[in-house]
Amino acid sequence: MLDDNEAAGLTLEAVDIRLGDRRLIAISHSIAPGEVLTVMGPSGSGKSTLLSFIGGFLDPAFTARGGVCAAGVDLLALPPAERRAGILFQDPLLFPHMSVGANVAFAIPPDIGDRRERRRMAADILADMDLAGFDDRDPATLSGGQKARVALARVLVSRPRVLLLDEPFSKLDMALRVQMRSLVFGRARAARLPVILVTHDDADAEAAGDAVHRIVTDGGGNG
Amino acid sequence: MNRAAGQDAVAILARVAVVLTLAFLLLPIAFGLLGTVLPAFGYLPALGGTTFGLEIFRALFATPGLAAAILLSFVTGLVATALSLGLTLVFVAGFAGTPVMARLQHLLSPLLAVPHAAAAFGLTFLIAPSGYLIRLVAPLSGIDRPPDILILNDPLGLSMIAGLVIKETPFLFLVTLAALPQVDLASARRLAASFGYGPIAGFVYLLWPALYRQIRFAVYAVIAYSTAVVDVALILGPNLPGTLATRLVQWMNDPDLSARFLASAGAVLQLTVTLSVLILWRGAERAGGRLLRFCRDGGFRFAHDGALSILSLISVGAIGGTFFAGIGLLALWSVAGLWQFPDLLPQSLTLRSWMSALPRIRDPLLTTLAIGLISTLAAVLLSIGCLERETATGRSGGERSLLLLYLPLIVPQITFVFGLQLLVIGSGSQNRFLALVMVHLVFVLPYVYLSLAEPWRALDRRYETIATALGRTRLMVLLSIRLPMLLRPIMTAAAVGFAVSLGQYLPTLLIGEGRIETITTEAVALASGNNRRVIGVYAMVQTLLPFLAFTFAALLPAFLHRNRRDMGL
């Protein structure tokens, strides 16, 4: 059972990211499907570089070593576009030139080629997020909570291997934050996605419930 | 496999674009200068020159009135640049961060898009002895016919300097505004004020050195332009003797081909004159810096320098007023029936001038559009490629690449385009049109790139990160995310490029060898004719074309993104 989970989950093996000779993060960890690893650290500690490294967007200024395996696939061997590492940022970052429906449809994997089928899938998942009938709306006209849900719908519909959360709740107001936390973690669990959450908010870690990795900044007075 | 190929395709295309951009910018300058310098020393096999020597320079220096022409180019260029920069400095220092600034920014932007020739014609209609200003005062002073004074083409080049200042001040102003976000204006202003410094003194002490470093290539471009300009000099400058550049054009177009040798030597001389002004300017930069430090360290506060900003506001207002009045007069003359001196309005309005000019305008107009659109399209594609390469590598090339971009604007046009003309003739190429498009590209490309670079860099990279993480290749991300999101700045850059191509007089004249006519070459050719109605028609076409380009550039994104509020920025 455990072995099975490990194969299906996300494994970080001796991941080590540095900027020059300053070590930002060093971690080995296995995340089972539906589980959350929370990486905590003060702002500026470089905790987001872990997500960039996994997604394949690490700035060349950093040097990184280690292995990243998702569902038995070596992610680092793949170009970023093929890793299917879904990301949610602080901002929903809906593509402003596309309708809400087009934003979601953009994320549907290309093996679903039929245009009507893609539209239907987008409409379905929007309805599932309490956003039925929002397909043709301009993203700019949505409330903050609605935008966050569209962003979640967009990343889920892309059938990611892992879900990478880069402080996605930090810009939401209190009530919305609680709501979105349970929605995101609930959906990730339902989809059996391994999740890495990067945050500096203890309440986030508490809501995630699973393992927590704390970044200790080494060396003189960077934190 | 397929996707990896898509990934590579963009990277390869971007790399090709960088190489092509460098080639299109630098090769014409290099070969052009070579093509100018060799004949200057006697080597031009096509015309029988096979030996090197200094005879041509001897002949050049023996031409009468040369010293006056050199002096004229030197002084008009220097004064026009100093006035334009001084006005810009005082105005920005006085008003940066105030609502006045934002309003004037909108007012001055159109000045940039209208070709120099049209603006210069507008000025002539205003200040000529039979122009509007004299008509305005005529009833008061009892003037019943145009006074016999030389206002236009005055021997000191004052009207030419005015024409240059009208166009170059808005240019430096907008370049400075673009650099302004990189300094901390608000806190510097507060700090300076709290220590009792005048607003201009505080601005100059705290911000100007950093700001000037950002805009100095643009200032050098203004120097190069003003010392070697031809179209403005033909319209507003002294005639006999003219500036050095106008003399060169006469030799370059002389039916007697041996005059080309003289023209080459003259072009080398022009390069020397421009270089001397640049060197003098660099010296002035240093002296100015020393003066600034002396005043700053002496604690001179100039607490009441606000009066100076009022003066600059009046000057900038006068520039805008002159420009728009000039354009208004061009429009009025183009539809004027009988309009006698000193009437303030024509007795009737008619479309006769337009109707008779239109058949003759058709071909030059089509040529103008073709050259402008092709060179602009090429410039936009190359700029996108270079910027994409910058995004991929994370290196912007810094000040060195900025200098490369400004090089075609800092090396005087006339010095290398003439060499290119000789090469084109020498190669026996029949493809004049293609050569002309490539020469236009040399000048269009820097403006398009500089206009697009800031918005390109400002786009939030996370949009692309998300799209890539959703499984899209670099090509798809470029086509479906970045380019659509940047549609408005891309269209604006294209409009800028088109306006630059439209305004090119000298390259079109030289490379086209009179066989390729554009609206601008036709308009400038009218300068000596003095038919105000026809000049009005051509200058209006010159004014309307960039206006249409910018309107289209604004309407297309507005239409395509009509239901997307966040795209309206």
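Just a few scattered comments:
- When B:Leu104, B:Leu83 are checked against the criterion of being out of contact with any Cys (no Cβ under 7 Å at 6 or more places or on another chain), assigned by TED's automatic domain parsing to the domain that holds B:Leu156, crowded, with 17+ Cβ neighbours inside 10 Å and modelled with pLDDT under 95, a single residue qualifies: B:Leu104.
- Residues in the stretch B:237-258 that are touching a residue at least 60 places away in the same chain (Cβ under 8 Å), of a type outside the set (A, V, I, L, M, F, W, C) and either in contact with a strand residue (DSSP E or B) (Cβ under 6 Å, 6 or more places away or on another chain) or over 21 Å from B:Pro155 (Cα atoms) (or both): B:Asn253, B:Ser258.
- Scanning the stretch A:77-90 for residues that are more than 7 Å from chain B (Cβ to nearest Cβ), under 17 Å from the mean Cα position of the chain (by Cα) and among the hydrophobic types (A, V, I, L, M, F, W, C) turns up just one, A:Leu88.
- Among (1) within 14 Å of another protein chain (Cβ to nearest Cβ); (2) within 26 Å of B:Gly568 (Cα to Cα) - the single one B:Ala469 does not satisfy: (2)
- Any pair with Cβ under 6 angstrom, 6 or more apart, that starts in the stretch A:131-158 at a residue that is within 12 Å of chain B (Cβ to nearest Cβ) and ends at one that is outside any helix (DSSP H, G or I) and of a type in the set (Val, Ile, Thr): A:Val157/A:Ile108
- In the set B:Ala523, B:Ala554, only one residue is in the same structural domain as B:Phe443 (by TED's automatic domain parsing), in a helix (DSSP H, G or I), closer than 30 Å to B:Gly426 by Cβ and among the small types (Gly, Ala, Ser); that residue is B:Ala523.
- Check on A:Asp114, on the phi < 0 side of the Ramachandran plot, out of contact with any strand residue (DSSP E or B) (no Cβ under 7 Å at 6 or more places or on another chain) and more than 14 Å from every other protein chain (Cβ to nearest Cβ): yes
- Across the stretch A:49-64, the number of residues qualifying as more than 14 Å from every other protein chain (Cβ to nearest Cβ) and either surrounded by 20 or more Cβ atoms within 10 Å (Cβ to Cβ) or closer than 20 Å to B:Thr391 by Cα (or both) comes to 2.
- From B:Leu330, B:Leu369, residue being crowded, with 16+ Cβ neighbours inside 10 Å and assigned by TED's automatic domain parsing to the domain that holds B:Pro507: B:Leu369
- Boolean, A:Ala127 is more than 11 Å from every other protein chain (Cβ to nearest Cβ) and outside any helix (DSSP H, G or I): no
- Among the candidates B:Phe559, B:Phe547, residue that is assigned to a helix (DSSP H, G or I) and away from chain A (no Cβ under 14 Å): B:Phe547
- All helices (runs of 4 or more DSSP H) inside the stretch B:10-127 with 1 or more residues being out of contact with any helix residue (DSSP H, G or I) (no Cβ under 8 Å at 6 or more places or on another chain): B:55-62, B:66-95, B:99-113
- Taken together, B:Pro359, B:Pro446, B:Pro412 contain a single residue that is surrounded by fewer than 16 Cβ atoms within 10 Å (Cβ to Cβ) and out of contact with any strand residue (DSSP E or B) (no Cβ under 9 Å at 6 or more places or on another chain), which is B:Pro359.
- Here A:Gly72, A:Gly67, A:Gly46 are screened, and the one residue that is farther than 21 Å from B:Arg474 by Cβ, buried (at least 20 other Cβ atoms within 10 Å of the Cβ) and away from every other protein chain (no Cβ under 12 Å) is A:Gly46.
- Residue satisfying all of: in the stretch B:415-443; surrounded by fewer than 24 Cβ atoms within 10 Å (Cβ to Cβ) and among the polar types (S, T, N, Q); nearest to B:Ile490 (Cα to Cα) among these: B:Asn431
- Any hit, the stretch A:171-187, residues being within 14 Å of chain B (Cβ to nearest Cβ) and surrounded by fewer than 19 Cβ atoms within 10 Å (Cβ to Cβ): yes
- Filtered residues of the stretch B:377-409 (kept if surrounded by fewer than 24 Cβ atoms within 10 Å (Cβ to Cβ) and either on the phi > 0 side of the Ramachandran plot or within 16 Å of the chain's Cα centre (by Cα) (or both)): B:Gly394, B:Gly397, B:Gly398, B:Leu405, B:Tyr406, B:Leu407, B:Leu409
- Residue match in the stretch B:483-501 (condition: farther than 19 Å from B:Gly328 by Cα, buried (at least 24 other Cβ atoms within 10 Å of the Cβ) and among the hydroxyl-bearing types (Ser, Thr, Tyr)): yes
- Residues of the stretch B:333-356 classified as of a type outside the set (A, V, I, L, M, F, W, C) and crowded, with 21+ Cβ neighbours inside 10 Å, total: 2
- Residue under evaluation A:Ala105, criteria (1) at pLDDT 95 or above; (2) under 27 Å from A:Ser45 (Cβ atoms), criterion not met: (2)
- Output for the stretch B:311-341, where each listed residue is more than 21 Å from the chain's Cα centre (by Cα), more than 22 Å from B:Val534 (Cβ to Cβ) and in contact (Cβ under 8 Å) with a residue 40 or more places away in the chain: B:Leu311, B:Ser312, B:Leu313
- Summed over the stretch B:251-307, residues that are under 28 Å from B:Leu89 (Cα atoms), outside any helix (DSSP H, G or I) and among the small types (Gly, Ala, Ser) total 3.
- Checking each residue in the stretch B:168-200 for being without any contact (Cβ under 8 Å) to a residue 60 or more places away in the chain and of a type in the set (D, E, K, R) picks out B:Asp184, B:Arg190.
- Residue that is surrounded by the fewest Cβ atoms within 10 Å (Cβ to Cβ) [pool: residues in the stretch B:303-327 that are within 16 Å of B:Thr543 (Cβ to Cβ) and aliphatic (A, V, I, L, M)]: B:Ala325
- Criterion applied to A:Leu131, A:Leu93, A:Leu126, A:Leu142 was being under 18 Å from B:Glu464 (Cβ atoms) and surrounded by 14 or more Cβ atoms within 10 Å (Cβ to Cβ), and the one residue passing it is A:Leu93.
- Residue within the stretch B:449-462 that is under 23 Å from B:Leu545 (Cα atoms) and of a type in the set (A, V, I, L, M) present: yes
- Residue list for the stretch A:113-133, filter: of a type outside the set (Gly, Ala, Ser) and within 23 Å of the chain's Cα centre (by Cα): A:Arg118, A:Met121, A:Asp124, A:Ile125, A:Leu126, A:Asp128, A:Met129, A:Asp130, A:Leu131
The values are calculated or read from the model by the stated rules, or taken from the named source; none is laboratory data. Treat the numbers as computed from the prediction; the structure is a model and nothing was measured. As a convention, Cβ positions derive from the backbone with ideal geometry for all residues, glycine included, and neighbour counts pool all protein chains shown.
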